[in-house]
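Beneath this line is the structure, given in structure tokens, with notes to follow.
The values are calculated or read from the model by the stated rules, or taken from the named source; none is laboratory data. Fair warning: this is a prediction, and the values are worked out from it, not measured in the lab. In this analysis, Cβ positions are derived from the backbone assuming ideal geometry, glycine residues included, and neighbour counts consider all displayed protein chains. What goes into the accessible areas is simple: the full protein's heavy atoms, side chains included, and nothing from ligands, DNA or RNA. Shrake-Rupley method; radii C 1.70, N 1.55, O 1.52, S 1.80 Å.
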Amino acid sequence: MLPKDPFMLLSYVNTQLRDNYPSLDELCSSLDEDKEEILNKLNKAGYAYDEDGNRFIPK
């Protein structure tokens, strides 16, 4: 289960992407999480997914 707080979510997801997953799609598939939900939550917090860097960065 992913953290509910957007900044804890950001930290968790970026760490997982850096250490364990080559893409957000693979992370979501492996953890059975909704990619759009993650994107929306972090977008509302001011972050966007950078595919080239495989991480969320400030917009």
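Data table
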item	result
Relative contact order (%) - criterion: Cα under 8 Å, at least six apart; region: the chain	32
Distance (nanometres) between label positions extended 7 Å along Cα→Cβ at Asp5 and Glu26	2.9
Under the Karplus curve 6.51 cos²θ - 1.76 cosθ + 1.60, θ = phi - 60°, whole-Hz ³J(HN,Hα) for region 41-53, x wherever Gly or Pro sits	4, 6, 5, 5, 8, x, 10, 10, 7, 9, 4, 5, x
Förster-model FRET efficiency, 25 Å R0, Glu37 and Ile57, C-beta, rounded to 0.05	0.85
Heavy-atom accessible area order for Asp52, Asp5, largest first, 1.4 Å probe	Asp52, Asp5
